[in-house]
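Quick notes on the structure that follows.
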Amino acid sequence: MYPNDGFRELDRQECLRRLTRVPVGRVVHTRHALPAVLPVNFCLDGDGAVLLRTSAESELARAVHDAVVAFEVDEVDAARSSGWSVVVTGRATVVTDPAEQERLARIGPRSWAPSPREVFVRIHPELVTGRELVGGQTLYGVHLAP
């Protein structure tokens, strides 16, 4: 992600594995030509795509359909000065195929704010990157002060 910044880069498989460890992430999209960030619950599909479930009438569904977005998750231990972050970048699409909608209704995430008419949003994982800082020590061997 940022070469020589002291963090350990995570490979794609490790990033996808870590995505399964947390229930909430942040989708980053464009709103009125400015970056917008929204926390959402999610799950991964078998191909590594990020799946979101939202109201069919939501601004999120309209804003992200057929747009390139970023999706970020992290886990931080502030007391130990350690943590990791994973970012998935790719095109988001609202799922319209009835058979796929039915499949996702069985395996996809459950909305934390259910609505009468919901849609699934799929973020295709075109670029998957991640980095980690372990135990408050950079790759340079420098210990971070508490």
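For the pair Trp112 and Asp77, what calculated FRET efficiency results from E = 1/(1 + (r/R0)^6), where r is the Cβ-Cβ distance and R0 = 25 Å, to the nearest 0.05?
Calculated transfer efficiency: 0.50.
Please report, as a whole percent, how much of the solvent-accessible surface of the chain comes from carbon and sulfur atoms (probe radius 1.4 Å).
Here it works out to 56 percent.
Quote the charge dipole size of the chain about the Cα centre in Debye, to the nearest 20; the model charges only the Cβ of Lys and Arg (+1) and of Asp and Glu (-1).
Using only the charged Cβ atoms, the result is roughly 240 debye.
Taking the solvent-accessible surface of protein heavy atoms with a 1.4 Å probe, what is the per residue accessible area of the chain in Å²?
58 Å²
For Kirkwood radius over Cα pairs in Å, which listed value, (i) 14.4; (ii) 16.3; (iii) 17.8, comes from the coordinates shown?
Label (ii) holds the value from this structure.
Go ahead and run the numbers for FRET between Asp97 and Val28, Cβ-Cβ distance against an R0 of 30 Å, rounding to 0.05.
My answer for the efficiency is 0.70.
So for the chain, taking the charge dipole from beta-carbon charges (+1 Lys/Arg, -1 Asp/Glu), which of Trp112, Ala99, Gln13 sits furthest toward the positive end?
Of the listed residues, the answer is Trp112.
With each pseudo-label sitting 7 Å past Cα toward Cβ, what's the Arg12-Thr129 distance in nm, one decimal?
1.5 nm
So, by mean Cβ neighbours within 10 angstrom, what's the order for 104-113, 8-17 with the highest one leading?
By packing density, highest mean first, the sequence is 8-17, 104-113.
Angle between the Cα long axis of helix 98-107 and the longest principal axis of the chain, 0 to 90 degrees, nearest 10?
On a 0 to 90 degree scale, this one is about 50.
Counting each DSSP H run of 4 or more residues in the chain as -39500 (n - 2.57), what helix-only mean residue ellipticity at 222 nm follows after dividing by all residues, to the nearest 500 deg cm²/dmol?
-4500 deg cm²/dmol
Between Rg and the Kirkwood Rh of the stretch 1-82, both from Cα atoms, what is the Rg to Rh ratio?
The Rg/Rh ratio comes out at 1.00.
The values are calculated or read from the model by the stated rules, or taken from the named source; none is laboratory data. Bear in mind that the values here come from a model prediction, so they are computed numbers and not experimental data. As a convention, Cβ positions derive from the backbone with ideal geometry for all residues, glycine included, and neighbour counts pool all protein chains shown. Surface areas here come from the heavy atoms of the whole protein model, side chains and all, with no ligands, DNA or RNA. Shrake-Rupley method; radii C 1.70, N 1.55, O 1.52, S 1.80 Å.
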